[in-house]
1. Given a 10 angstrom Cα cut-off, can you work out which residue in 40, 22, 12 is the most mobile in a GNM of the chain?
2. What 222 nm value per residue comes from the helices of the chain, counting each DSSP H run with n ≥ 4 as -39,500 (n - 2.57) and dividing by all residues, nearest 500 deg cm²/dmol?
3. Which option, (1) 1.37; (2) 1.43; (3) 1.80, is the value of Cα Rg over 2.2 N^0.38 Å that was calculated from these coordinates?
4. Give me the angle, in degrees from 0 to 90, between the Cα long axis of helix 14-32 and the longest principal axis of the Cα atoms of the chain, rounded to the nearest 10.
5. Per 0.36 nm of contour for each residue apart, how much would the distance between residue 5 and residue 32 grow if the chain were fully extended, relative to their Cα-Cα spacing?
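No lab work stands behind these numbers, since they all come straight from the coordinates. Note that the coordinates shown come from a computational prediction; the quantities given were computed from them, not determined experimentally.
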């Protein structure tokens, strides 16, 4: 049973997340040969203030807000 974790920035709607989970499920079924009913997709949302790239939060440079 494939268990697929996706880490994304918070703020997406439930329909957008559901569409993503369906697409990932289809990809796993196609490329891994897993039955769709056996695929699990877990979406982990992270606040922009907790998501860093090059030492800066996704929400913008420290002190800019």
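1. Maximum among the listed residues: 12.
2. Values: 1 runs with 19 residues, N = 65.
Helices in the chain give a 222 nm mean residue ellipticity of -10000 deg cm²/dmol.
3. (2)
4. 50
5. Details: separation 27, 0.36 × 27 = 9.72 nm, distance 1.55 nm.
Taking 0.36 nm per residue and subtracting the Cα distance, the gain is 8.2 nm.
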